[in-house]
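The values are calculated or read from the model by the stated rules, or taken from the named source; none is laboratory data. Since this is a predicted model, take the numbers as computed values, not measurements. Don't worry about glycine lacking a Cβ; one is built from the backbone with ideal geometry, like all the others, and counts go over all protein chains shown.
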Amino acid sequence: MNLRTLFYVLSAIFLGFLIPYLIATYLFNKEVLSPEQQLANAMWRGSIYSLFALGYALIFSILGLLNLAHSSVFMWGGYIGLMSVLKLDMPIWVAMPVGMIGGGLVAVSVDVIAFMPLRRRNAPRISQLISSIGASVILLSLATLIFSSTPKRFPQDSIDALPGTADKPLTWLLDNANVRITPIQIAIFVIPIVLMFLLEYMVNSLKIGKAMRVVAFNQRIARLLSINVGNIFAFTFFLSGVLAGAAGVLQGLAFNSMTPYMGATVALKGLTVIVLGGLGNIRGAVVGGFLVANIEIMSIALGYGWLSDAVVFSSLFLILLVRPQGLLGESGKMRA
Amino acid sequence: MDAVFDFLAPVGLNETNFQFMLIAAILGCSIYVTLYGGMFSLANAGFMAIGTYVSVVLTQRYDWPFVPAIIAGMVAGGLIAIIVGLPVLRLSDIYLAIATIGFGEVVVVLIRNFDRIYEEIFDKKIEITGGGKGIKNIPVTTDTLHLIIFLLIVVYFLYRMQHSRFGRALAAIRQDETVAANLGINVVYYKNVAFIIGAMIAAGAGGLSGHLNRVIEPDDYDFDRAVDILTYAVLGGTTFFIGPVVGGMVLRYLPELLRRLKVLSFVGSIVGRDLTNEQAAVDGIINGIVLILFIVYLPGGLADPQLWKSLYRRLRPNNTQKGAP
Amino acid sequence: MLVVEDLQVGYGAIIALRGISFKVESGQVVTLIGANGAGKSTTLNTLSGLLKPRAGRILFENVDITGKRADVISQKGLVQVPEGRLIIAPMTVQENLEMGAYKRTDSEINSDIQQVFERFPRLGERRKQKAGSLSGGEQQMLAVGRALMMRPKLIMLDEPSMGLAPMLVNEVFSIIRTIKAQGTTILLVEQNARKALQVADYAYVLERGSIVKEGSAAALQADEEVIQAYLG
């Protein structure tokens, strides 16, 4: 396991929290309400952002594509998980992998419909971006037709069925009565970190991961080495969809309310996340996720929740102007 | 004018629809200018929002007359384009796309929170943009003639652009920026001018549509709107000046046509759902399909002269051989 | 082993190959010589499946491989060492060689890597270094070593001596001789016609997309026109 990655993640969580906290407290004399709770919130929220952004970054780093349909894949993964519980009575720990695989398959179909025909023609990257927007719009509209746009939620008993929660539904008090963390929130924090390390291990050490890096480096070499580039594309899309699907299900569980528009809200934040971390930088995606979550949580804690979007999107805009390679820049690049 | 629309009523073309088609055509032209120079900017929904809000606030809250308010909206859009363009246009390709998406979101968020921010800073309650609820009960002052005149001016400009120094410079930049710079073309200057002109056209379309809708809300100008505008240009094509007009009008008319032809109720009866109440979703699917199909199979768009020439040739294969003088 | 019949290739309106035919027999070293832009690299890239021919046929071991995908063709044992030493710069030397064995599942991968290191001791010394940090000659060795890891039946070398110092050029050609000695068939594309003809058994001269001359390497070395145009 890569210690440097762990270091980056931990510093994103704690410094991302501490710096605005100190500025707010000592520079502006603003009181941050129960900082422990804010930190806990930033941790699980950032985890979802990171997980979502991980798939975004994976496709950009390996395939050099900006897949704007990623947010729709995320939403579909969440809904497939939700429907497995609602319609097929699956327990949540089955529904979660089902949502992940479902997300993977949706992502592969995005590749087949929106990217493959353009790839054959060597179309410019912008064309591929436009057609991914098209795929995203179609997926979103289909979802509103199929699932309707009224909010849906995971039934309480499916959440209670999580290990160790049956007797203590939803709120789970730590020793320190100031902090309330539900087991779902802990799972939401832990699962993305585990997935991130698995992904990093795969890309760096497994044969298929190395093949992905060769494709990222030079597709001509990859072909000459008998690597089926089309399969690697499909696999990478599948993987990004799996990550998005996991994020979708976790988001549904965390906020306990889902609409087909859940992707649209996360889409632009996810874009901010990967730009902050450096486009196509897998480690940066995780770091960026926690930074964005910290920005949001801090603005809410200081009573400026209504400005959090403005801060997030301004930082997207500014970081591109000032440091287009992202905060981690070249140094943290995991790109092959 | 009325007689014309009486005649067109059976195909779903009433005056209101036609007005929105004209707005779409103008918006298509606004993104055409930047695309013509090879800049993939999604900022025009943001500039449209600026034009709308500035002109509507001026007419509604400060009792400005209509035409000066529209012009003020365009000037505001142009000024902000100057400020934003210089740093943003250094980016290219998808970085420019992302930055302009970010710009659009910032504009929407700032409009939504304008009153609150003002209150926070100056400690005084005001009502300018009306927050998330927007501005209501705006009297309809834009009429079809305004829209036609504005569109004609814009189209005339695009037509002239194609054959001017400015247009040729943009085309060269679109081909290859480095080569263009080596040919002595002031790349930064031309890119910024194109960006500003596109912004002003979008802001003008915004001002006109603001006085057509009765209600404006910040959410009308979010990323979905940017996608709409992009779709107009993709459908019509980005190399020929008629393209965005055709794209905008066709795309805005398509849902009406589908409704008239009862396509929705027909498809709905097959899938067992009433689709006539799902206009937004159906529009979305049409947009998406148009984007993918045209980018993949007809990248030149509907108004691509090459496309029609080759189609003509293919349909009359014998005539071309014999018909040679 | 390899039979090419009337191969035509073009990029858009530009015609790069105007119907060329040639053969490579098993165990031979065959070389394609010609000036820059004659269509040598286009030929190899078409044989590898990176480019699709407009017309013509390619038979490899009596199987028609015309228009097949590059990864399928290289798996059949028709392996190209691309021009410009295309090694995977961000990976280590060892990883580069492992990627050569990407499709192999046998147990001899590690012993094959050892063999490559024995043949090129300098690669062995730098096995943990990033391939991008190697010198030009070492990168060429790595590219050849990586191709050998694929256990090729026919190895196609695209301008292996290009951009190398004269001493390294000699080294590259001695590598070609050892590969040949081990019984691997070689199709060599070179601008350095003199060196190429010294190692080759048979040669074809390519000019503006057509084969203008062919013959045994010895015969071409004595041919007045060839001497004038390529050896002078």
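Tell me whether the range A:110-117 contains one or more residues that are outside any loop (DSSP other than H, G, I, E, B), away from every other protein chain (no Cβ under 14 Å), on the phi < 0 side of the Ramachandran plot and not hydroxyl-bearing (S, T, Y). Lay out the reasoning, then the answer.
In the first step, residues of the range A:110-117 are kept if they are outside any loop (DSSP other than H, G, I, E, B); the result is A:110-117.
Okay, now just the ones that are also away from every other protein chain (no Cβ under 14 Å), so none.
Checked against the condition, which is being outside any loop (DSSP other than H, G, I, E, B), away from every other protein chain (no Cβ under 14 Å), on the phi < 0 side of the Ramachandran plot and not hydroxyl-bearing (S, T, Y), the range A:110-117 yields no hits at all.
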query: Do we have any residue at all in the range B:284-299 that's out of contact with any Pro (no Cβ under 9 Å at 6 or more places or on another chain), more than 26 Å from A:I113 (Cα to Cα) and at pLDDT below 90?
result: no
- prompt: For the range C:128-182, which residues satisfy the criterion of being acidic (D, E) and touching a Phe, Trp or Tyr at 6+ places or on another chain (Cβ under 9 Å)?
  reply: C:E138
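Of the residues B:I197, B:I185, B:I121, which is assigned to a helix (DSSP H, G or I) and at pLDDT 90 or above? Even if it seems obvious, please write down each step before you answer.
Working: B:I185 fails: assigned to a helix (DSSP H, G or I); B:I121 fails: at pLDDT 90 or above.
Criteria check complete, one pass: B:I197.
For the range A:18-34, give me each residue that is assigned to a loop (DSSP other than H, G, I, E, B) and without any contact (Cβ under 8 Å) to a residue 40 or more places away in the chain. Spell out the reasoning first.
Step one: filter the range A:18-34 for residues assigned to a loop (DSSP other than H, G, I, E, B), giving A:28-34.
Listed by number, the residues that qualify are A:F28, A:N29, A:E31.
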- request: Can you confirm whether the range B:114-122 contains a residue that is without any contact (Cβ under 8 Å) to a residue 24 or more places away in the chain, within 14 Å of chain A (Cβ to nearest Cβ) and within 16 Å of B:D220 (Cβ to Cβ)?
  value: yes
statement: Among B:I216, B:I173, B:I135, the single one that is modelled with pLDDT of 90 or more, within 30 Å of A:G263 (Cβ to Cβ) and over 21 Å from the mean Cα position of the chain (by Cα) is B:I135
query: In the range B:89-109, which residues are more than 16 Å from B:M48 (Cα to Cα), in contact (Cβ under 8 Å) with a residue 60 or more places away in the chain and touching a helix residue (DSSP H, G or I) at 6+ places or on another chain (Cβ under 7 Å)?
result: B:L89
statement: Here the residues within the range C:67-110 that are of a type in the set (K, R) and surrounded by fewer than 22 Cβ atoms within 10 Å (Cβ to Cβ) are C:K68, C:R69, C:K76, C:K103, C:R104
Number of the condition not met by A:I101 [criteria: (1) more than 24 Å from B:G301 (Cβ to Cβ); (2) at the interface with another protein chain (Cβ under 7 Å from one of its Cβ atoms)]: (2)
Scope the range A:214-228; condition at the interface with chain C (Cβ under 7 Å from one of its Cβ atoms) and either on the phi > 0 side of the Ramachandran plot or in contact (Cβ under 8 Å) with a residue 60 or more places away in the chain (or both); matching residues: A:V214, A:F217, A:S226
- line: Over the range A:218-231, the set of residues in a helix (DSSP H, G or I) and either modelled with pLDDT of 95 or more or in contact with a helix residue (DSSP H, G or I) (Cβ under 7 Å, 6 or more places away or on another chain) (or both) is A:Q219, A:I221, A:A222, A:R223, A:L224, A:V229
- prompt: From the list C:L59, C:L78, C:L123, which residue is within 28 Å of C:R18 (Cβ to Cβ) and either polar (S, T, N, Q) or touching a helix residue (DSSP H, G or I) at 6+ places or on another chain (Cβ under 9 Å) (or both)?
  reply: C:L78
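Just checking: which of the strands (runs of 3 or more DSSP E) contained wholly in the range C:10-76 hold 3 or more residues that are more than 14 Å from chain A (Cβ to nearest Cβ) and more than 23 Å from C:L231 (Cα to Cα)? Don't jump to the end; show me each part of the working.
On the way: elements: C:14-24, C:29-34, C:55-60.
Output list reads C:14-24, C:55-60.
Do you know which residues across the range B:287-313 are in contact with a helix residue (DSSP H, G or I) (Cβ under 6 Å, 6 or more places away or on another chain) and surrounded by 13 or more Cβ atoms within 10 Å (Cβ to Cβ)?
Here is the first cut: in the range B:287-313, the ones in contact with a helix residue (DSSP H, G or I) (Cβ under 6 Å, 6 or more places away or on another chain) are B:287-288, B:290-292, B:294-296, B:300-303, B:313.
Across the range B:287-313, the qualifying residues are B:N287, B:G288, B:V290, B:L291, B:I292, B:F294, B:I295, B:V296, B:G300, B:G301, B:L302, B:A303.
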Positions within the range B:159-185 being free of Cβ contacts under 8 Å to residues at least 12 places away in the same chain and either crowded, with 19+ Cβ neighbours inside 10 Å or among the acidic types (D, E) (or both), in sequence order: B:D176, B:A180
- request: Select from the range B:186-199 the residues that are of a type outside the set (F, W, Y), in contact with a Gly (Cβ under 7 Å, 6 or more places away or on another chain) and surrounded by fewer than 24 Cβ atoms within 10 Å (Cβ to Cβ) and write down the one among them that is farthest from B:A226 (Cα to Cα).
  value: B:N192
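This table checks each residue for (1) away from every other protein chain (no Cβ under 12 Å); (2) crowded, with 21+ Cβ neighbours inside 10 Å; (3) among the basic types (K, R).
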{"position": "B:G46", "(1), (2), (3)": "no, yes, no"}
{"position": "B:G51", "(1), (2), (3)": "yes, yes, no"}
{"position": "B:S55", "(1), (2), (3)": "yes, yes, no"}
{"position": "B:Y62", "(1), (2), (3)": "yes, no, no"}
{"position": "B:P68", "(1), (2), (3)": "yes, no, no"}
{"position": "B:L86", "(1), (2), (3)": "no, no, no"}
{"position": "B:L91", "(1), (2), (3)": "no, no, no"}
query: Among helices (runs of 4 or more DSSP H) lying entirely in the range B:213-325, which contain 2 or more residues that are more than 30 Å from B:R174 (Cβ to Cβ) and within 12 Å of chain A (Cβ to nearest Cβ)?
result: B:263-271, B:279-297
statement: Conditions (1) within 24 Å of C:S26 (Cβ to Cβ); (2) in a loop (DSSP other than H, G, I, E, B); (3) within 14 Å of chain A (Cβ to nearest Cβ); (4) in contact (Cβ under 8 Å) with a residue 40 or more places away in the chain -> C:V79 fails only (2)
statement: Given the conditions (1) touching a residue at least 60 places away in the same chain (Cβ under 8 Å); (2) under 15 Å from the mean Cα position of the chain (by Cα), every one holds for C:A38 apart from (2)
